[in-house]
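Here the structure is laid out as structure tokens; the discussion comes afterwards.
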Amino acid sequence: MNVTNALISRIPRPLHRSASTTAATASDLVLFSLDEKTKVATLTLNSPSTFNALTVEMGEAFEDMITNRLVPGLKSGEVNANSLVLCGAGDKAFSAGGDLKWLKGLRHNPVHVNADNMISFYRSFLCIRDLQIPTIAAINGPAIGAGACLATACDMRVASSRSKIGYTFASLGIHAGMGGSHFLPLSIGRSLANEALLTGKIYSGDEALEVGLVNKLAQTDDSAAVKGEAMELAKKIAQQHPLAVRTMTKSIRLKEDEGLDAALRREAYAQAMCYARDDWGEGIDANVERRDGNFDDYLSK
Amino acid sequence: TAVRMNGNALISRIPRAAARSVWPLCRSEKTKVTRAAARNGPRALYRSTSTAAAASDLVLFSLDEKTKVATLTLNSPSTFNALTVEMGVAFEEIIANRLVPGLKSGGIKANVLVLCGAGDKAFSAGGDLKWLASLSHNPVHVNADNMTSFYRSFLCIRDLQIPTIAAINGPAIGAGACLATACDMRVASSRSKIGYTFASLGIHAGMGGSHFLPLSIGRSLANEALLTGKIFSGDEALEVGLVNKLAQTNDSAAVKGEAMELAKKIAQQHPLAVRTMTKSIRLKEDEGLDAALRREAYAQAMCYARDDWGEGIDANVERRDPVFEDYFSK
């Protein structure tokens, strides 16, 4: 069929387990709702006790929702939505990114196993780009690491003045993942993206607006205000011609996705090499202990 | 040799071993030039008016072992660090034969590199104007080949495994602006001048400018800049995302200092994360670069063949508007 544009989702998932989720069932980790009146759908990353950290289980639930429910439903008309808002549950975070305990544990895997696992992990969330309708990330709290990258992979973003959008990978000791090395330069131009990726930068909401990373800031800093602002933008889109919107979304995605596969492979291979380092974990400890990282030199094991 | 397995050829084509014999453009042409000059024959194929004692002095390298920040300096302050063929030979030699191998082996312990101009009067004035004017004496295809080599001799900086920051410590014009633009990040000052002046001089952009400027500032503004021969001030460059930061004051030392601060920040991050990220960034940005360099070289070569080639340079020097012949003129 369309072999050159394979679905980002590659379900079924290989076997890997995270250690930290406390949700009752995997499917509760991602919630879906639809406002039939405004035709705005909402996807919620639902693990507020872990600041909506992106885990393998959450990824499975996410991919299942997208691939087995939303994409078919949007196609058949059963899911009568014209735009989608992605947000974090609770009012404390959009997403804290990859679960740090899980990430630290990856050192025990062979390098190539980590490389394969990481690609699957990225795709389990980036399959949001298979949705036929536009996506708006309501950054209703800190978005860090893979969490920031998932927000960046959405078509648009809304935040607040005091949001924190952090591409912290280099300071933690790893190459960027979750498509960050692909979507950030597309979003804010190469000079600033290169700096952000190479210095582990955390954007404030104000700066994110300035550089074009987010489309709009909510009037106040609370989670509800950000979600409300995202809703307003989603409603505006939902009122436009649905075929125009869906075909435009497809065009946008196709253009932006050129080179994405290669970028995800580079990210997965590079992250896998970083997990194999003896000093893997030092960056996480330094981050937790609020100090500078003390890394071994480049050629060290 | 220097060709990568995956079809993503190194920008530098110099083999790791002594490269002289493989680069006839620089070496044997110089011999021809000497013979031609001796016969009082036609204008030498290319000759720069650089006054540096030895070619290798044209590019200086230093490394701060403590901060792990390396510095490359374009060293011809008497010519405002103009980019000449000789300087390109020295530049490519340092990059390909010394820095890339040294970074790979660990002999050079650098995590990041700052590129700047020697002295405090310029980053780089770009291509040597006398040399450019003389290119009209060459066959078109020879110019096309020479220009591609000339670009690669500087753009090979993108083969470095570590991130590069251009400290635009003075005017950066033409190929000089493009070399700064090909770095991963840029620092300037409020009163910097970053000029993509090609169209007003009478040529297509070179040195990857047609590739890296749109990537850096978006198509609307890049197209305008390239098509109007625009010179950005530092303030405007910051506004449009061309530079990352402006130094507090306008002097060369302040710009270099600001670049150093950014470099140190990068040097403190995890070295494997930084190098793999740099590689990803370069691979992505370099898509289409080879084709862009070929287009630039062919187009510049056609421009050098015009009867009115040189009018733009004269007009620039005499601070007047140029008078170009129409499109179809010889």
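Bear in mind these aren't lab numbers, they're just calculated from the coordinates by the rules spelled out. Remember, it's a predicted structure, so these values are computed and weren't measured experimentally. So basically every Cβ, Gly included, is an ideal-geometry build from the backbone, and we count neighbours across all protein chains shown.
Beta bridges assigned by DSSP with both partners in the protein assembly as shown are antiparallel in approximately 35 percent of cases. Taking amide H atoms as placed 1.01 Å from N in the peptide plane, the amide H of residue B:229 lies under 5 Å from those of B:199, B:200, each 5 or more residues away in sequence or on another chain.
State whether the range A:76-129 is rounded, prolate or oblate according to the following rule on the C-alpha gyration tensor (a ≥ b ≥ c being the square roots of its eigenvalues): a/c under 1.5 gives rounded; otherwise a/b larger than b/c gives prolate, and the remaining case gives oblate. It is oblate, given that a/c is not under 1.5 and a/b is not larger than b/c. What's the magnitude of the charge dipole for chain A around its Cα centre, counting Lys and Arg as +1 and Asp and Glu as -1 at the beta-carbon? Answer in Debye, nearest 20. I would put it at about 600 debye.
Beyond 18 Å between alpha-carbons counts as too far, so tell me which of A:92/A:164; A:37/A:236; A:39/A:227; B:193/B:230; A:164/B:68 fall in that bin.
Numbers: A:92/A:164 11 Å; A:37/A:236 13 Å; A:39/A:227 16 Å; B:193/B:230 10 Å; A:164/B:68 30 Å.
Violating the 18 Å Cα-Cα cut-off are A:164/B:68.
Annotation: peptides B:112-123, B:140-151, ranked by per-residue average of other Cβ atoms within 10 Å with the highest first, follow the order B:112-123, B:140-151.
Between the Cα long axis of helix A:190-199 and the first principal axis of chain A there is an angle of about 50°, rounded to the nearest 10. Once you order the gyration tensor axes a ≥ b ≥ c over the Cα atoms, which shape class does the range A:123-251 get: rounded for a/c under 1.5, otherwise prolate or oblate by comparing a/b with b/c? Here the range A:123-251 falls in the oblate category.
Cα gyration tensor of the range B:137-188, axes a ≥ b ≥ c as square roots of the eigenvalues: rounded (a/c below 1.5), prolate (a/b > b/c) or oblate? Cα axes put the range B:137-188 in the oblate bin.
Please state the relative contact order of chain A as a whole percent: Cα pairs under 8 Å, 6+ residues apart?
Dividing the mean separation by the residue count of chain A yields 19 percent.
Between A:288, A:211, A:30, the GNM of chain A built on Cα springs shorter than 10 angstrom shows A:288 fluctuating the most. Of the trypsin sites (Lys or Arg not before Pro) in the range A:262-299, the ones in a loop by DSSP (not H, G, I, E or B) with at most 10 other beta carbons within 10 Å are A:290, A:291. Full extension of the chain between residue B:324 and residue B:191 gives 44.8 nm of extra length, using 0.36 nm per residue less the Cα-Cα distance.
For the range B:293-309, 3J(HN,Hα) computed residue by residue from phi via the Karplus equation (6.51, -1.76, 1.60; θ = phi - 60°) reads 5, 5, 4, 4, 5, 4, 5, 4, 4, 5, 5, 5, 7, 6, 4, 8, 5 Hz, glycine and proline entered as x. In a simple Cβ point-charge model (Lys, Arg +1; Asp, Glu -1; nothing else charged), the range A:81-133 has a dipole of about 180 debye relative to its Cα centre. Between the beta carbons of residue A:261 and residue A:36, assuming R0 = 41 Å, the FRET efficiency works out to 0.70 to the nearest 0.05. In whole percents, the pair-distance distribution calculated for the protein assembly as shown from its alpha-carbon pairs, binned every 20 Å from zero, is 19, 48, 27, 6, 0.
The magnitude of the dipole of the protein assembly as shown, with charges of +1 and -1 set on the Cβ of Lys/Arg and Asp/Glu and taken from the Cα centre, is near 1280 debye.
The residue among B:203, A:158, A:48 whose Cα reaches farthest toward the positive pole of the charge dipole of the protein assembly as shown, with charges on the beta-carbon of Lys, Arg, Asp and Glu, is B:203. The residue among B:220, B:317, A:230 whose Cα reaches farthest toward the positive pole of the charge dipole of the protein assembly as shown, with charges on the beta-carbon of Lys, Arg, Asp and Glu, is B:317.
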